[in-house]
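Trainee: Got a structure for you, written out below as C-alpha cells; questions coming shortly.
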Number of protein chains: 2
Amino acid sequence: MKEVQSLIDYRSDVRVVDATLRDGGLVNDFYFTDDFVRSLYLANIKAGVDYMEFGYKASKEMFDENKFGKWKFCRDEDIRAIVGDNNTDLKIAVMADVGRCDYQNDIIEKAESPIDLIRVATYLNTIPSAADMIENAAKKGYEVSCNIMAISNSQESDLAAALDIIGKTPVDVLYIVDSYGALYPEQVARVADIFLNFAAKYGKKVGIHAHNNQQLAFANTIEAVGDGVDWLDGTYGAMGRGAGNCAMELLLGFLRNPKYNVYPVHRKAYQQAARGGCCLGI
Amino acid sequence: MKEVQSLIDYRSDVRVVDATLRDGGLVNDFYFTDDFVRSLYLANIKAGVDYMEFGYKASKEMFDENKFGKWKFCRDEDIRAIVGDNNTDLKIAVMADVGRCDYQNDIIEKAESPIDLIRVATYLNTIPSAADMIENAAKKGYEVSCNIMAISNSQESDLAAALDIIGKTPVDVLYIVDSYGALYPEQVARVADIFLNFAAKYGKKVGIHAHNNQQLAFANTIEAVGDGVDWLDGTYGAMGRGAGNCAMELLLGFLRNPKYNVYPVHRKAYQQAARGGCCLGI
C-alpha cells in the first residue's frame, strides 16, 4: 500500500504535456481550425499545462501538404501565427518521427524558433537514428525527449539496451509510449522501473504517453506518476489515435500542484459549446 | 512493484458477478426484454461468470409495479421463467436495499427459490438494519453479501466500526461499493486493506463494485484483485448508473483462470447485432 501522503502532496518535478493537436491530429488528419488551436493554447495557459505539442514536423517530401492540415508539418511561422512570441509559461513542443522527418533542414536553430521541445518518436529498431536526431536537436539548442513507441511489444532486454544507448545522448526525457494501450498498471510499474533505472544512471527524466484501449490510459498515467515518472501526456477529451489517450480533464483533476487548474478548461468548453463553436472535446 | 507472477497465474478464489440487469436497470428503469435477459444468462454461462444479478427485490408497497420493469422486483417466478431450475454453474443473485425491501415476506426460503445469493445494500448509517437483513437471509439458507455503498464519503473509523458489526453476522462477502466512482487506485488499496483486515478477523471474503466516473472502474477493480479482493462486479458494456461500472469485457479479458472466456460474449453480441436484435451493449 502506498503512502497516504502521495495523494495529498505533490511533486514539483511533474510536467504536463498537452498532445491534443499531435495525437488528436491522427484522428482528423490535422485539420484543426486556427480558432480551435488558439482556444486550446489559451486554455492550456490558464490550466497551468507545461507544454503544448502542436503536431509533427513531418517531411514535406514524404507527405503531401494538400492531404493534411498544417499541424502535420508545424512550420515555425504557423506556430508563430498562434503564439506570437509566446511570452507565457507554456512551452511549445513538436514531434519528429524517425524516418519521416527532414530534421536537418526543417528543424532550425532554437534561437530562431518558437519551439522549445523536440519529441523524437522511435521504435526499438530505429534507436541509432533516434540518437542522431536527438544529438542534432540538442545541438540546435532544444530540449529533447525520446519517445519509445509500442513498448508493450518490446523485450525487456532490448528495451534496456535501447535505454543504455539513448541515455548517453543529450536527451532530457525518456518516454514510455504504450501505443496499443495494452499495458496493465502493474506492467506499467515494471516498465517504469526499467526506465527509471536508466534515467537515474544518466541523469534523465521519465515520461509516459498512454492509450485508452482498455480504459487504462488515466489509470496507467497515475500509476506511473506514483512510481516516479514526472512527464505526463494528456489530450482533451482523450482525443487521440485509436481509443485515444489519457484525458487531460482527469489528469488535471488528479494533480495536487496548485499551478494546475481544470476549471478554466471546462468553462472554456462550455462557453464555446454554448455559442455553437468548436469545443475542446469535453 | 508487484510480483511478475500475478499477471500470469490466477487465484482460484476469484468470483465474477454480472450486475448488468441490476445496475444497468437503474439506467432504463429495468425495462429489459425477456429475450435480452435470456441471452445475457446464456452468455454468462458460456463466459464462465460465477453469479448473475437479476435486479432488486424492491418493495411493491414502496414502488409502483407499473412504473418499472419486472427486474426491479425480481419475483421468483420471473427468474424461473428465464432460468428454469438453473442446472448450471451460474448462480443467481438479487439485491435487497435496506429500507426499500419487504425482506421478511418477499424473500422466501432458499429451498423454494431459484436465487442463491442475497446482496444486502446499505449505507453506513443503516448498518444495524443491514445486519438484521443478513441474519434473515442467512437463516433462510442463502449466501449473503453486504454491499457498503458510498464508501468514498466514509470516515475510516466509521467504516471500521461498521465492518466490526457486519463481520459478526453470518454474511459471506463484504463489498466495497465506490458509488460515485471517486476513488483513485491507491485509495482503493487503502480501503481494501481495511476490509481485508476485518475479513481475516471474521473469516469473510471481500468484493468490489466500482463506478467509472473517472474512467477508473476497471483499474480500481484490478487494483483490488491485486490487493486480495476476490469478488469482482462487472456489467456488459459497463452499463450502470451514472458513468457506469467496470466493463465485463475488460474484466474477463484480464482474468487468467481458464474458466473465464470473453470470446462467447463478443460472438453473441456480434450475432445479435448482425440480425438486428438487442446486443449485450458491446
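Trainee: Would you please classify the overall shape of the range B:199-270 from the alpha carbon gyration tensor, given that a ≥ b ≥ c denote the square roots of the eigenvalues, rounded means a/c under 1.5, and beyond that prolate means a/b larger than b/c while oblate covers the rest? Working shown, then result.
Mentor: On the way: a/c = 2.35, a/b = 1.36, b/c = 1.73.
Oblate shape, in that a/c is at least 1.5 and b/c is the bigger or equal ratio.
Trainee: Here's a follow-up. Suppose we keep just the DSSP beta bridges with both residues in the range B:12-274; what percent of those would be antiparallel, to 5? List each step's numbers first, then the result.
Mentor: On the way: 1 of 34 bridges.
Antiparallel bridges: around 5 percent, rounded to the nearest 5.
Trainee: Please identify, among B:GLY207, B:GLY141, B:GLY234, the residue showing maximal mean-square fluctuation in a Gaussian network model of chain B using a 10 angstrom Cα cutoff.
Mentor: B:GLY141
Trainee: Put a dot 7 Å past each Cα toward the Cβ at B:GLU135 and A:ILE8; how far apart are the dots in nm?
Mentor: The two pseudo-label positions are separated by 3.9 nm.
Trainee: Reported to two decimal places, what Rg/Rh ratio describes the range A:21-274 when computed on Cα atoms with Rh from the Kirkwood expression? Could the numbers behind the result be given before it?
Mentor: Details: Rg = 17.2 Å, Rh = 18.3 Å.
On the Cα set of the range A:21-274, Rg over Rh gives 0.94.
Trainee: Using label points projected 7 Å from each Cα along Cα→Cβ, tell me how many nm separate A:ASP85 and B:ARG38, to one decimal.
Mentor: 7.5 nm
Trainee: What is the mean projected area of the alpha carbon convex hull for the range B:134-243, to one decimal in square nanometres?
Mentor: Values: hull surface 26.9 nm².
Over all viewing directions, the range B:134-243 projects a mean Cα-hull area of 6.7 nm².
Trainee: Oh, and also: Of B:VAL83, B:VAL49, B:VAL94, which is the most mobile in a GNM of chain B whose springs link Cα atoms less than 10 angstrom apart?
Mentor: B:VAL83
Trainee: In nm, to one decimal, how far is the modelled label at B:MET62 from the one at B:LYS259, with both set 7 Å along Cα→Cβ?
Mentor: 3.3 nm
Trainee: Can you list residues from other chains, or at least 5 along the same chain, whose modelled amide H is less than 5 Å from the amide H of B:ASP233?
Mentor: B:VAL17, B:ILE208, B:ALA210
Trainee: How shielded is B:243-252 by partner chains, expressed as the average number of their Cβ atoms within 10 Å of its Cβ atoms? Write out the running numbers ahead of the final one.
Mentor: Values: counts 0, 0, 0, 1, 2, 0, 1, 4, 0, 0.
Averaged over the peptide's residues, the number is 1.
Trainee: Given the pairs B:LYS91/B:LYS204; A:LYS110/A:LYS205; B:LYS70/B:LYS204, which are separated by over 25 angstrom at their Cα positions? Don't jump to the answer; show the numbers that get you there.
Mentor: On the way: B:LYS91/B:LYS204 19 Å; A:LYS110/A:LYS205 21 Å; B:LYS70/B:LYS204 32 Å.
The answer is B:LYS70/B:LYS204.
Trainee: Taking 0.36 nm per residue of separation and subtracting the Cα-Cα distance, what length does fully extending A:TYR31 through A:ALA111 add?
Mentor: On the way: separation 80, 0.36 × 80 = 28.80 nm, distance 2.83 nm.
Stretched fully, the A:TYR31-A:ALA111 segment lengthens by 26.0 nm.
Trainee: Can you give me the convex hull volume of the Cα atoms of the range A:1-139, divided per residue and expressed in Å³? Present the calculation step by step, with values, prior to reporting the outcome.
Mentor: Values: hull volume 21.6 nm³, N = 139.
Expressed per residue, the convex hull around the Cα atoms of the range A:1-139 is 156 Å³.
Trainee: Also: Using all Cα-Cα distances in the range B:167-216, what percent lands in each 10 angstrom bin from 0 up to the longest?
Mentor: All Cα pairs, binned at 10 Å, distribute as 27, 48, 22, 3 percent.
Trainee: For the rotation bringing B onto A, which B residue has its Cβ nearest the axis, and at how many Å?
Mentor: Rotation axis B onto A, closest Cβ, rounded to whole Å: B:ALA219, 2.
Trainee: While we're here: Build a GNM of chain A with springs between Cα atoms under 10 Å: which of A:ALA130, A:ALA210, A:ALA162 gets the top mean-square fluctuation?
Mentor: Largest GNM mean-square fluctuation: A:ALA162.
Trainee: Here is a further query. Quick one: which residues, 5 or more positions from A:ASP97 or on another chain, have an amide H under 5 Å from its amide H? H modelled 1.01 Å from N in the peptide plane, none for Pro or chain starts.
Mentor: A:LYS57, A:ALA121
Trainee: A further question on this structure: Nearest 5 is fine: what % of DSSP beta bridges in the protein assembly as shown come out antiparallel, could you say? Don't skip to the answer; put the middle values down first.
Mentor: Numbers: 2 of 68 bridges.
Roughly 5 percent of the beta bridges in the protein assembly as shown run antiparallel, per DSSP.
Trainee: Continuing with the same structure: With all distinct Cα pairs included, what does the Kirkwood hydrodynamic radius of the range A:33-115 come out to in Å, to one decimal, could you say? Walk me through the numbers on the way to the answer.
Mentor: Details: mean 1/r = 0.0751 Å⁻¹.
When all Cα pairs of the range A:33-115 are included, the Kirkwood radius is 13.3 Å.
Trainee: At q = 0.12 Å⁻¹, work out log10 I(q)/I(0) for the range B:86-150 with the Debye formula, treating every Cα as an identical point scatterer and leaving solvent out; two decimals please.
Mentor: Normalising to I(0) and taking log10 leaves -0.28.
Trainee: Right, another one. By what distance, in whole Å, do the Cα atoms of the range A:85-198 stretch along each of the three principal axes, largest value first?
Mentor: The Cα atoms of the range A:85-198 stretch 42, 29, 24 Å along their principal axes.
Trainee: Taking the alpha carbon gyration tensor of the protein assembly as shown, what are the square roots of 5 times its eigenvalues, largest first, to the nearest whole Å?
Mentor: Values: eigenvalues 473, 116, 94 Å².
So the three semi-axes of the protein assembly as shown are 49, 24, 22 Å.
Trainee: Other chains' Cβ within 10 Å of B:79-85 residues: what's the mean?
Mentor: Counting Cβ atoms of other protein chains within 10 Å of each residue's Cβ and averaging gives 0.
Trainee: What's the magnitude of the charge dipole for the protein assembly as shown around its Cα centre, counting Lys and Arg as +1 and Asp and Glu as -1 at the beta-carbon? Answer in Debye, nearest 20.
Mentor: Values: 60 positive and 78 negative charges, 96 e Å.
Here the size comes out at about 460 debye.
All of the numbers you see were taken from the coordinates with simple rules; none came from a lab. Because the structure is a prediction, the values reported are computed rather than measured. Because the Cβ atoms are built from the backbone with ideal geometry, glycine has one as well, and the counts that use them run over all protein chains shown.
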